[in-house]
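All remarks here apply to the structure that follows.
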Amino acid sequence: MIELIAQNPILAALVALVGLSIVFGGLLGFAAEKFKVEGDPIVEQIDELLPQTQCGQCGFPGCRPYAESIANGDVINKCPPGGQATINAIANLLDVPAPELDAEHGEESEVRTVAFIREEECIGCTKCIQACPVDAILGAAKLMHTVIADECTGCDLCVEPCPVDCIDMLPVAETIADWKWSIPAKPGQMIATDRRGEVSPAAHNEDAA
Amino acid sequence: MSRTWVTPGGVHPPENKHQSVTQPIGQLPIPEKLIIPLSQHIGAPATPCVEIGQQVLKGQVIAEATGMVSIPMHAPSSGTISAIEHRPIAHASGMLAPCIEITTDGADTWIEHQGISDYEHISPRKLIEMVGNAGISGMGGAGFPSAVKLNPGRQRPIDTLIVNATECEPYITADDSAIRERAGEIVEGIKILSAILDHPHHIMIGIEDNKPEAIEALAPHVEGTGISVVVFPTKYPSGGEKQLIYILTGKELPAGKLPADEGMVCINIGTTYAIKRAIIDGEPLISRVTTVTGDAVGIQRNYDTLIGTPVSHLLSHNQFDEQAGGRVVMGGPMMGFTLPSADVPIVKTTNCILAPSYSEIPDDEPAQPCIRCGMCAEACPVSLLPQQLFWYAQAQEHDRLEAHNLFDCIECGACSYVCPSNIPLVQYYRAAKGEIRQAREEKVKSDHARERFEFHKERIEQAEREKEAKRVARREATQQAKADHLAATANGATNAPATAAPSGAVPSSSAADIIAAAQARAAAKQASPEDQRAKLERTIASAEQRLKVAEEKLAEAINSDTGKQDKLSAAVENTRQKLEQSKSKLAELTE
């Protein structure tokens, strides 16, 4: 056996390599079948980071289609509800530089809003109910509708279809329970002209506490 | 003396405790208005059970506990409920919260109440219930409902009871003076706690060595009781729960664990006094010892203050000089916060009102850049890396902050205190914690929204599928009807007279006939001229047949019955018209 190999080194190497490639090829094929991943995990991960308002401001019908589009190479700055935080998170995930929010798709709003139906004006047309992507509007034909505020994502989609314009987007008031401290002004602004307009008296008082 | 352990880090700020202990605990006149916030504790706010205009007696329940982790509120003095509304409360945000306002009558009439002296013979469950009903929450800082803390529904028995008399924060002497004057009652309270917790092996009172008078006052009362007073060197912050547990037992509580998980209960010494009053005297928690101190007040001392007393009442009775210092801080200089207004009431956790003069606690100097000196890391009592946390907080890198155990930070302020660049580090951590909490909540919300969206999509698709199925069914039914009709007309062509005869008098009345007619029309439009001619000829033949039958029937009707005459004559006319139509069409076609 060893003599045979020694006498035909090229042939032996060829046989060994072909044998190895068959073995590993089989192994890889088996692994590909056995540990098959359903769907595209990157889409899932991007979808996790999107704010799920389902508002369609990105031009896609919902957050998941946009996530799929991003996975296929779309730009990541089309989501105004998520704002810069979401862009940063996706940029971090995809390991790309984080761009500014694309103003074409809307502006990032500071306060969260929820839809509110002025109920005495509602004619019960059900158009908003059909428009709501998360089924947060309650009502029936020719009966008054109302918004379940806890379920509302503030996507705006119900405002447009209303024929009597009885839907308002109201800002959600901050309560003591969800109040939080704000980040203090950046240190290092020792030169008066540098910090012009940055150190407010209120921030100064808080520091004292 | 038992062994003590030394915590890492810590600072030694000027204590400034001597000013407020020169006089015994004082009493203030009853304020005109008492404002009782419904949420003075961790957990659900209490629910008001009184109405505006209702007379209440001292100690009467005015708001009931809402659920398990909550406490009731009691009227601190007798009077009339004058408002139930949102008022400014002691909160760093300066926001309003629901409060009950009592206009006092000055009589201070107690509601009928009764305590029990032989608590040894009463079940712990009943004692805990009494503690809960007395509205007692932790009086040291966080305000966790005591009844929940003492609840025996835990996996492991309590073998160590730690009473926290550290009071490590500068200026505050509320616990110190309470121990000096009420040591007997406090020890009684500890004995009640011991009974509730089924007599733990170790009962320790942890106290810093800067309170020799208090230690002396406790000594005669603890003799022979098994309670040990453990004195340890003064250092800030030794009074944090985890810090004190480490100092007294050498055990480090793991992150996210409660003392009860390790078989320990840690309770503030002021709370033990409140528990004694609740069990032995039957009095709910309606007052507490509060230190009024700082150079901007003329009299610096401790008061037995009614809960709900406006801070302005305390200040005006202590010669507050607004010129000397504009700020009023609730709590100490390290962990307290500047009050948004002096109208806010004293709550169950208010141990100190500090009105410092500007020279005493000057305004913070502007922050300078971090020079990475590392003093904050040396001062941190939890062995965190404050400057790393500072960088990550600025960059809002939440993952890294959590990886660096931001949530183990007790916000003691030691890092800010030592920072040579005056960076308000704790504020960054508080802000970052708030942001992370908010992000977590938003995550839960967005997951929920996604679920609802998926369900919505699924529902719409389902409806679409059902519609499609119906459409298919309808199409199939039509094709079936068409096929049936074609078969029928094929038969009808061969023996038209036979089939036409029975229905001849009432042409095209049923739905099937309508469909058939429509199809026939459609077919006539599309069919070739030969087919059309053949069809028309067939139609003419069958119509002639029908006309004949109808005329016969009409004749019959005229002879026998006059009722159907009109109808039948109309039908005959109709059939004749159709026949004419067909004939003219045939003529058209042949041309």
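The values are calculated or read from the model by the stated rules, or taken from the named source; none is laboratory data. Remember, predicted model here, so these are calculated numbers, not experimental data. Note: ideal-geometry Cβ built from the backbone for every residue, glycine included; neighbour counts use all protein chains shown.
Worth a mention:
- Filter result for B:SER359 (outside the structural domain of B:THR309 (by TED's automatic domain parsing) and surrounded by fewer than 20 Cβ atoms within 10 Å (Cβ to Cβ)): yes
- Qualifying positions in region A:138-166 - under 17 Å from A:CYS55 (Cβ atoms) and either surrounded by fewer than 14 Cβ atoms within 10 Å (Cβ to Cβ) or away from chain B (no Cβ under 11 Å) (or both): A:VAL147, A:ALA149, A:ASP156, A:LEU157, A:CYS158, A:VAL159, A:GLU160, A:PRO161, A:CYS162
- Evaluation of A:TYR66 against (1) assigned to a loop (DSSP other than H, G, I, E, B); (2) in contact with a Cys (Cβ under 7 Å, 6 or more places away or on another chain) (one fails), failing number: (1)
- The one condition from (1) within 14 Å of B:THR309 (Cβ to Cβ); (2) of a type in the set (Val, Ile, Thr); (3) modelled with pLDDT of 90 or more; (4) under 20 Å from the mean Cα position of the chain (by Cα) that B:THR104 does not meet is (4).
- Among the residues making up region B:432-451, those that are buried (at least 18 other Cβ atoms within 10 Å of the Cβ) and in contact (Cβ under 8 Å) with a residue 24 or more places away in the chain are B:ALA432, B:LYS433, B:GLU435, B:ILE436.
- B:GLU454 being over 15 Å from B:SER383 (Cβ atoms), away from chain A (no Cβ under 12 Å) and surrounded by fewer than 16 Cβ atoms within 10 Å (Cβ to Cβ): no
- The one condition in (1) more than 10 Å from chain A (Cβ to nearest Cβ); (2) within 35 Å of the chain's Cα centre (by Cα); (3) buried (at least 18 other Cβ atoms within 10 Å of the Cβ); (4) hydrophobic (A, V, I, L, M, F, W, C) that B:LEU385 fails to fulfil: (3)
- So B:SER312, is it of a type in the set (S, T, N, Q), surrounded by fewer than 19 Cβ atoms within 10 Å (Cβ to Cβ) and not in a loop (DSSP other than H, G, I, E, B): yes
- Top-ranked residue of region B:358-381 - restricted to ones that are of a type in the set (Gly, Ala, Ser) and in a loop (DSSP other than H, G, I, E, B), ranked as nearest to the other protein chains (Cβ to nearest Cβ): B:ALA367
- Meets criteria (at positive phi and touching a strand residue (DSSP E or B) at 6+ places or on another chain (Cβ under 7 Å)) for B:GLY226: yes
- Within region A:38-63, considering residues that are not in a loop (DSSP other than H, G, I, E, B) and not acidic (Asp, Glu), the one nearest to the other protein chains (Cβ to nearest Cβ): A:CYS63
Conditions tested, residue by residue: (1) touching a His at 6+ places or on another chain (Cβ under 7 Å); (2) among the polar types (S, T, N, Q); (3) away from chain A (no Cβ under 14 Å).
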| residue | (1), (2), (3) |
| --- | --- |
| B:GLU15 | no, no, yes |
| B:VAL50 | no, no, yes |
| B:VAL56 | no, no, yes |
| B:SER77 | no, yes, yes |
| B:ILE89 | no, no, no |
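- Entirely in region B:137-249, the helices (runs of 4 or more DSSP H) that have 3 or more residues that are more than 28 Å from B:ALA414 (Cβ to Cβ): B:146-150, B:174-196, B:212-222
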